[in-house]
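Remarks on the structure that follows.
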Amino acid sequence: MKASAREADARVKNPDPSIRAYLIYGPDRGLTHERAQTLVRAILEDPDDPFALTQLTEEDLKSDPAGLADAMAALSLTGGKRLVRVRLTGETGSGPIIEIIKGLESGSETAEAVLLVESGDLTPRGKLRKTFEPAKKAITIACYADTSHSLESLCESMLKVEGLQLAREARTEWLPRLEGDRALARGEIEKLILYKGLRSQRAEGDDTITREDVEAVAADQGEAQLDAVLAPTLLGLLAKADSAYHRSITAGGSAVGILRALQRRLDQLGAVHAAGGNEGAMARSGAPRYGPQADAFKRQLSLWRGRRLEHARQLAFDAERAVKRSGAPAEALVGDLLLRLARGAAQMGR
């Protein structure tokens, strides 16, 4: 079955027990990831429990096609619910997933776990959507770029929690900049909240975000600063990456913001590879098309592919989890991740 745009968020916040498989996909990888994370938290009591959550990539499916069925059939050692999460960049490696859905529908497959498939954009003619959409025990949830209305709702809800509101002139100037990626939009809203400070730290009456506040943390400037860190990291320029990272942090940049930007870049590289890796695929992904930035992106594309790219994604995911759980400074954890990736890129480029 297909979830409508109106019911998509409710489907992941309050999952139907009769649904045994979810396909969350779309060009907005930030929104795809956000809804997948919401579903994981809704199904599992402890999303970080390795006995409850199994994570696989398309490379895992290709190297061990039977591994997915084994993971779906495994019982939880702690007695709670289980979820198998598969991350794809497109249709590649989807054969075992299709077999699982067919088995669930026919009754020949009795899975112990819920299946969550997270992917980039998929065509209606693709095998995954053609398998999921008619199924009664599976559902597809599409994630397309936010509209101005949905962005406004997201912004207002996040600001309201912190006792903030957006001035009309700031709203008109700022919201159009955020269209296209939910993760980018959420990150920029969080930066504004941090800029204004916590409720207890703000002066009385200083609860309105103005145009001047928006300009102080402008998204365009922020993305340029982030790219100054990401480009040398993914091209294997260790000294330059380390220097750019420390400059960004010293200037008040967010380590978590850099980590999220890295995850978006890795997803973008995966999406371009899945779409053919040509100029058209780059244009559709929002990658730079001309000048030094385009050249740098193409070099990153040549270095990060297949297992290397999936390994980098897993390292970034592990770093995100460590930031949330370990209590260690985010600056140190993200810095270590960037240097590790830069060393890997340097070795690949030799």
Q.
Going Cα to Cα from Lys160, which lysines come in below 18 Å? Please leave out same-chain ones fewer than 8 positions away.
A. Lys191, Lys196
Q: Rounded, prolate or oblate: pick one for the range 1-120, where a ≥ b ≥ c are the square roots of the eigenvalues of its C-alpha gyration tensor, a/c under 1.5 means rounded, and failing that, prolate if a/b is larger than b/c, else oblate.
A: rounded
Q: List, in order, the whole-Hz ³J(HN,Hα) value for each residue of the range 153-170 obtained from phi through the Karplus relation with A = 6.51, B = -1.76, C = 1.60 and θ = phi - 60°; use x for Gly and Pro.
A: 5, 4, 4, 5, 5, 5, 6, 4, 4, 9, x, 10, 9, 9, 5, 4, 5, 5
Q: Return the aspartates and glutamates within reach of Lys324: Cα separation strictly under 17 angstrom, same-chain partners fewer than 8 residues apart disregarded; answer none if there are no such residues.
A: Glu34, Glu45, Asp46, Asp48, Asp49, Glu190, Asp336
Q. Accessible surface of Glu34 in the full protein assembly, 1.4 angstrom probe, to the nearest 10 Å²?
A. 40
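Mind running the shape call on the range 251-321? Use the C-alpha gyration tensor, a ≥ b ≥ c as the square roots of the eigenvalues: rounded below 1.5 for a/c, prolate if a/b tops b/c, oblate otherwise.
oblate
Taking the range 1-74, which trypsin sites (Lys or Arg not before Pro) meet the DSSP loop condition and have no more than 11 other C-beta atoms within 10 Å? The partial results should precede the final answer.
Values: sites: Lys2, Arg6, Arg11, Lys13, Arg20, Arg29, Arg35, Arg41, Lys62; in loops: Arg6, Arg20.
Passing both the DSSP loop test and the Cβ count: Arg6.
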Q. Helix 182-196 sits at what angle to the longest principal axis of the chain, using alpha carbons and giving 0 to 90 degrees rounded to 10?
A. 40
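Based on the Cα coordinates of the chain, what is the per residue volume of their convex hull in Å³? Show your work: numbers first, answer last.
On the way: hull volume 52.0 nm³, N = 350.
Convex hull of Cα atoms, per residue: 149 Å³.
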Q. Of Lys102/Lys136; Lys13/Lys81; Lys13/Lys137; Lys62/Lys137; Lys2/Lys81, which ones are farther than 20 Å apart at the Cα?
A. Lys62/Lys137; Lys2/Lys81
Q) Taking θ as phi - 60°, what are the ³J(HN,Hα) couplings along the range 94-103 by the Karplus curve (6.51, -1.76, 1.60), each to the nearest whole Hz, with x for Gly and Pro? A) 7, x, x, 5, 4, 5, 4, 5, 4, x
Q. Which value in nm describes the separation of the simple spin-label points at Thr110 and Lys130, placed 7 Å from the Cα toward the beta carbon?
A. 3.2
Q: Would you kindly find the accessible area of Leu226, with a 1.4 Å probe and non-protein molecules such as ligands, DNA and RNA excluded, rounding to the nearest 10 Å²?
A: 30
Q. Ordered by residue, what ³J(HN,Hα) values in Hz, to whole numbers, does the range 126-138 give under the Karplus form 6.51 cos²θ - 1.76 cosθ + 1.60, where θ = phi - 60° and Gly and Pro are x?
A. x, 5, 5, 5, 5, 8, 6, 5, x, 6, 8, 9, 9
Q.
Using the basic label-point model (7 angstrom from Cα toward the beta carbon), what is the Thr38 to Arg343 distance in nanometres?
A. 3.9
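Give, rounded to the nearest 20 debye, the magnitude of the charge dipole that the range 1-118 has about its Cα centre when Lys and Arg contribute +1 at Cβ and Asp and Glu contribute -1 at Cβ. List each step's numbers first, then the result.
Working: 14 positive and 20 negative charges, 79 e Å.
Rounded to the nearest 20 debye, it is 380 debye.
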Q. Which stretch or stretches of the range 31-58 have amide N atoms under 19 Å from the point lying 7 Å from Thr78's Cα along the Cα→Cβ direction?
A. 37-56
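The values are calculated or read from the model by the stated rules, or taken from the named source; none is laboratory data. Fair warning: this is a prediction, and the values are worked out from it, not measured in the lab. Glycine also receives a Cβ, built like all others from the backbone with ideal geometry; neighbour counts cover every protein chain displayed. Areas reflect the complete protein model, heavy atoms only, side chains present, ligands, DNA and RNA absent. Shrake-Rupley method; radii C 1.70, N 1.55, O 1.52, S 1.80 Å.
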